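Taking it in order: structure first as structure tokens, then the write-up.
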Amino acid sequence: MRRWAMVPAVLALVLTGAGTVSAAAAAPRATVCETGWGSLGKSEPGSLAMTASLTNVRTGRHDCYDRMVIDIPGMTTADPALYWVQYVPGFAHPPSQTGIPVAGGAVIEIEFTAPVDESRYHVRLADPLPGLDFDGYRTFRDAKFGGTYDGGTHLGLGVRAKLPFRVLVLPGRLVVDVAHTW
């Protein structure tokens, strides 16, 4: 009976190469982060007259970037909202140019042609975006509502510094990823 008790140990030694484990196998793999997105403005020649509306904004933390997801149910990749995403020296309400303070070392303005569905997403001009908490985020610092004007909604995203970002159009979502580093 004792002979059979040793079989799992012998098999483990054979399968790992006589009991040696290399340092590479034992160490966790480093995450390789793509940072070739650049920091120049990005835009999409989408629909000027979206019938879909903004219903929520949410964020998430990832290994290489922080992510903001703007939910626009009904928007498709074939007919996305027209958008402009760019770093700005200061964030303001478009028609009045009244400044809206946004915390962080840099501010990204996100503008898109989908109005706010006020029955589902309750936000007022210059207020922080509801439900967002940036504790523990490496890049995101703040997010404010800049209003809706001429069918376009404006959001200000405060980030730690001017860093590379990308914009993705997914079914029902506009996504802004901001890298942690260059």
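Miscellaneous remarks
- Qualifying positions in region 134-149 - more than 17 Å from Pro115 (Cα to Cα) and either open to solvent by less than 20 Å² (accessible area, probe 1.4 Å) or acidic (Asp, Glu) (or both): Asp135, Thr139, Phe140, Asp142, Ala143
- Of the residues making up region 39-71, those that are within 15 Å of the chain's Cα centre (by Cα) and either among the small types (Gly, Ala, Ser) or under 18 Å from Glu109 (Cβ atoms) (or both) are Ser39, Lys42, Val57, Thr59, Gly60, Asp66, Arg67, Met68, Val69, Ile70.
- Ser119 fulfils the conditions (1) within 16 Å of the chain's Cα centre (by Cα); (2) free of Cβ contacts under 8 Å to residues at least 40 places away in the same chain except for a single criterion, (1).
- Unmet criterion (only one of (1) within 16 Å of Gly41 (Cβ to Cβ); (2) aromatic (Phe, Trp, Tyr); (3) touching a Leu at 6+ places or on another chain (Cβ under 7 Å)) for Phe165: (3)
- Comparison of Gly90, Gly152 shows that the only residue that is of a type in the set (Gly, Ala, Ser), in contact (Cβ under 8 Å) with a residue 12 or more places away in the chain and either under 18 Å from Trp37 (Cβ atoms) or open to solvent by 20 Å² or more (accessible area, probe 1.4 Å) (or both) is Gly90.
- Output for region 93-127, where each listed residue is under 21 Å from Gly38 (Cβ atoms) and either out of contact with any strand residue (DSSP E or B) (no Cβ under 6 Å at 6 or more places or on another chain) or not small (Gly, Ala, Ser) (or both): Gly105, Val107, Ile108, Glu109, Ile110, Glu111, Phe112
- Meets criteria (in contact with a Pro (Cβ under 8 Å, 6 or more places away or on another chain) and not aliphatic (A, V, I, L, M)) for Thr139: no
- Residue match in region 36-47 (condition: within 18 Å of His180 (Cα to Cα) and modelled with pLDDT under 95): yes
- Applying the condition of being among the aliphatic types (A, V, I, L, M) and under 19 Å from Val169 (Cα atoms) to region 110-132 and asking which residue is modelled with the highest pLDDT yields Ile110.
- Tally of residues being assigned to a loop (DSSP other than H, G, I, E, B) and surrounded by 13 or more Cβ atoms within 10 Å (Cβ to Cβ) across region 39-68: 9
- Checklist (1) of a type outside the set (Val, Ile, Thr); (2) open to solvent by less than 80 Å² (accessible area, probe 1.4 Å); (3) more than 25 Å from Ala179 (Cα to Cα) applied to Ala78, failing item: (2)
The values are calculated or read from the model by the stated rules, or taken from the named source; none is laboratory data. If you're wondering where the values come from, they're calculated on a predicted model, not measured in any experiment. Reconstructed Cβ throughout: ideal geometry from the backbone, glycine too, with neighbour counts over all protein chains shown. These area figures cover heavy atoms from the full protein model, side chains too; ligands, DNA and RNA do not enter into them. Shrake-Rupley method; radii C 1.70, N 1.55, O 1.52, S 1.80 Å.
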